[in-house]
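This structure is in structure tokens; I'll ask about it shortly.
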Amino acid sequence: MITIKEMADIIGVSPTTVSNVIHGKTKEVSKETVEKVNELLEKYHYIPNMNARNLAKKYSKIVGVVFKYNKSTDNNFVQDPFAGEILGAIEKQVRKHEYYTMIYLSEDLDDILRFVSTWNVDGLIAVGFWPDECHLMKKSITKPMVFVDCYFNEDGFDYVNVGLKDKEGGYELTRYLIQCGHKNIAFITDCMISVYKARYEGHKEALEEAGIPVSEQNLLYLRPNQKEFETSIENVFKRYREFSAMFCVSDYYAAKIMNYFIDRGVKLPDDISIVGFDDNLIGQSVRPGLTTMRQNPSQKGYLAVEQLIKLIDQMEIEETNIQMTAQLIIRNTVKVLNP
């Protein structure tokens, strides 16, 4: 690649003049010289040294994005529609602000803290952390930070978060099932933490409000690890006749259960009603059409970046915990028992 000195020799100016044009300092440079420098930059595809430029300006123009995923799964985390969509939205919005994105994904919090502490970034977006983990992140990292889909302990830290009204979504979806005549409803999840816990709390609230007993016997667990998943979904299948409906904590699990049941001759929704949560590409692709709660990961990503840029620029944050609303999407997987 051509150097600044070589460009200066070609044009017949000093290297400082060429450097000033590259860095946008053109007030004392003639229009003709600016044009000549820009022509050479384009001709030789010159790429400025970003580290050197940012070091001089005392900032990196880099936003770090860290994902904490479930260590019990064998899947590529970015294959998840939610992760892929929100990551794409974050990168797009970061670029609009003329920043760069640095990404790290791990199942291990110590691993994340060790790597992130060495990053020369202006701020961080943290996705998928549990309350105790959020506490350690805030305790260990002093850079501006925005969390996505996180819940927090009362620990004295000031958190900035972009999330979803998960409890309200769980309540609304369960209330819809009850309105359709369902009382024996299984709740399908792989853990009882963070967003899944909030959705279950909303589910329980709707049951209690309707006078329907809440039983832990109706709480069924799937194991995301591939080796254990087949056994766990088989156990769910063995018990499906105990229920008239199943509330799956995500569209991913709803689709998995639907396919498993259909392959074994179960008719949906005649034999069992199934609902999901997310309305992502998986949920939108299954047949019969899945009744679910719709959220907007792209909007979450956009808002997280906007909040972080305000923190970096030391601007006032009017709302530190943005909670988006989920929307009930009614399709064809719920049978009406009391028409």
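The values are calculated or read from the model by the stated rules, or taken from the named source; none is laboratory data. What you see is a predicted model; the values in this text were computed from it and never measured. Cβ placement follows ideal geometry from the backbone for every residue including glycine, while neighbour counts extend to all protein chains displayed.
If I filter the range 243-292 down to residues being small (Gly, Ala, Ser) and touching a Lys or Arg at 6+ places or on another chain (Cβ under 6 Å), which single residue comes out as farthest from TYR176 (Cα to Cα)?
GLY289
Still on this structure, I have one more. Regarding ARG294, is this residue of a type in the set (Lys, Arg), farther than 28 Å from GLY123 by Cα and either within 25 Å of the chain's Cα centre (by Cα) or in the same structural domain as ASP80 (by TED's automatic domain parsing) (or both)?
yes
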